[in-house]
1. On the given criteria, is B:G225 surrounded by fewer than 13 Cβ atoms within 10 Å (Cβ to Cβ) and assigned by TED's automatic domain parsing to the domain that holds B:L31?
2. Could you run through the stretch A:211-248 and say how many residues are at pLDDT below 95 and basic (K, R)?
3. Checking the conditions here, which among B:V160, B:V151, B:V203, B:V180 is in contact with a Lys or Arg (Cβ under 7 Å, 6 or more places away or on another chain), of a type in the set (V, I, T) and modelled with pLDDT under 95?
4. What number of residues in the stretch A:42-59 are surrounded by 19 or more Cβ atoms within 10 Å (Cβ to Cβ) and either among the small types (G, A, S) or farther than 25 Å from A:A230 by Cα (or both)?
5. Out of the residues in the stretch B:46-69 that are touching a Ser or Thr at 6+ places or on another chain (Cβ under 7 Å) and not in a loop (DSSP other than H, G, I, E, B), which is farthest from the other protein chains (Cβ to nearest Cβ)?
6. Please enumerate the residues belonging to the stretch B:79-93 that are more than 10 Å from chain A (Cβ to nearest Cβ), of a type outside the set (V, I, T) and assigned to a strand (DSSP E or B).
7. Being surrounded by 16 or more Cβ atoms within 10 Å (Cβ to Cβ) and of a type in the set (S, T, Y) is the filter here; which residues of the stretch A:152-169 pass it?
Protein chains: 2
Amino acid sequence: MRILVTLGGTSEKIDDVRSITNHATGTLGTLIASAFEQSGATVDVIASASAIKPNESSKLHVTTIHDTYELSQALERCMKEHVYDAVIHSMAVSDFTTETVYSEEQFLTQMNQWHLAHPNQTLDKESLATFLANKPEVNETKLSSNTNHLVLFLQKTPKVIQMIKSLQPKTCLVGFKLLVDVSKDDLFAVAEASRKKSQADFVLANDLTSIAGNDHIGYLLNEHGIVAQAETKPAIAQMLVDQLKHIN
Amino acid sequence: MRILVTLGGTSEKIDDVRSITNHATGTLGTLIASAFEQSGATVDVIASASAIKPNESSKLHVTTIHDTYELSQALERCMKEHVYDAVIHSMAVSDFTTETVYSEEQFLTQMNQWHLAHPNQTLDKESLATFLANKPEVNETKLSSNTNHLVLFLQKTPKVIQMIKSLQPKTCLVGFKLLVDVSKDDLFAVAEASRKKSQADFVLANDLTSIAGNDHIGYLLNEHGIVAQAETKPAIAQMLVDQLKHIN
């Protein structure tokens, strides 16, 4: 059995010293990778640079990435080299990447110029895209802090999880859905919608409010509904090993 | 001798799962704290949660913080409880904190409404502040990714380093200035300006392009110019111990 596990959280650069980071320690993903290794599987791990990672061995390899783009490259490379029985995508992936950064002054100047040049015209998505594309070039590697406000425009990143089933339709894909302080019904509904959208076989639904240290309530859903649940990180790892034993 | 060392980098929340993070591993600050402890000093450390931290002992205490606000609270508490011979402020502090987040749709709607209500009026800093203050309330703990762009307005944070000399005018303050890929002349000029502004006695000037693992070129400046330089992280730590021996 060969498994691919992604873990940690991606970081999208704003400049050379600042990033937008998705919080994820990598603890759960590390436990999952180690549990599969101990069950006899060969495990490839794609981990974010700052995450806790499992120890490498002859049966466990780790590739390190920083942002969503590097994740998609690493995923593609792994999935072209190996056939995976399952892909467990526990990494918290940034939905947005930095498109443009303005100082308050740059933003106001460009906005006022746009309205002067386009009288009585409302700003719509198309004109906003043109507006952003025409930002005057400023050569800065680290943003100056000589402004009272920064205006960041972030752009949606392609959903990396969507690549997985198109690269290997037969792999068993486990997605993760983390919400914050929602009802169980809402959590399951959103998790199921995300499972369908990414063509995942399973989705691990969890809520940040029921995660604290080792305590971690996770529900494993497939097309029939909840198939298993666990209340600690090690128990979630073991639950995945147990459920995925039968996929071959 | 009692020393306060800040280390790591602050993180400003965007929502419950995302932050804007200042990269800083805490490695150099940890070496500095340990070097002072070994030289016989009592060391208080304020470290960011994700940073590498020195081991605690009877002579070394660590307080953990996340964002700029928590840093200023911790600093104030420490400086009211103890008198410090020196404060070594190596933490990378966010210059900006999240003020408002818009989806593309929310942003365009509000911007068009503003221009309808204020015909022929340019958007200036004052009206932008009113604009941001009047953002319609949306109850979200985690930003929805159902939008192609996010628009983030970030607000400048108060400079924490400015507090230090006003709390303890007699302490020896060491600031840090990190730039990216600039000439030595520019680095020294910017570092000296920042030293003066924060009333620091010394500033450690360094450039990200000459930092790689243990290699780390650092110049120590005071009002007379460069007083010492070092080329590795442990050497920078030792340089600070040597230079600050004479302050009492």
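1. Taking the combined requirement at face value, the residue satisfies it.
2. The qualifying residues number 1.
3. None of the others qualify; the one that does is B:V180.
4. 4
5. Among those residues, the one meeting the criterion is B:I46.
6. B:A86, B:H89, listed by residue number.
7. Passing the criteria: only A:T157.
Okay, residues lined up against (1) surrounded by fewer than 19 Cβ atoms within 10 Å (Cβ to Cβ); (2) over 23 Å from B:K159 (Cα atoms); (3) touching a residue at least 24 places away in the same chain (Cβ under 8 Å):
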site: B:T68; (1), (2), (3): no, no, yes
site: B:E76; (1), (2), (3): yes, no, yes
site: B:H89; (1), (2), (3): no, no, yes
site: B:F96; (1), (2), (3): no, no, yes
site: B:F107; (1), (2), (3): no, yes, yes
site: B:Q121; (1), (2), (3): yes, yes, no
site: B:S127; (1), (2), (3): yes, yes, no
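The values are calculated or read from the model by the stated rules, or taken from the named source; none is laboratory data. Nothing here was measured: the structure is a model prediction, and the numbers come from that model. In this analysis, Cβ positions are derived from the backbone assuming ideal geometry, glycine residues included, and neighbour counts consider all displayed protein chains.
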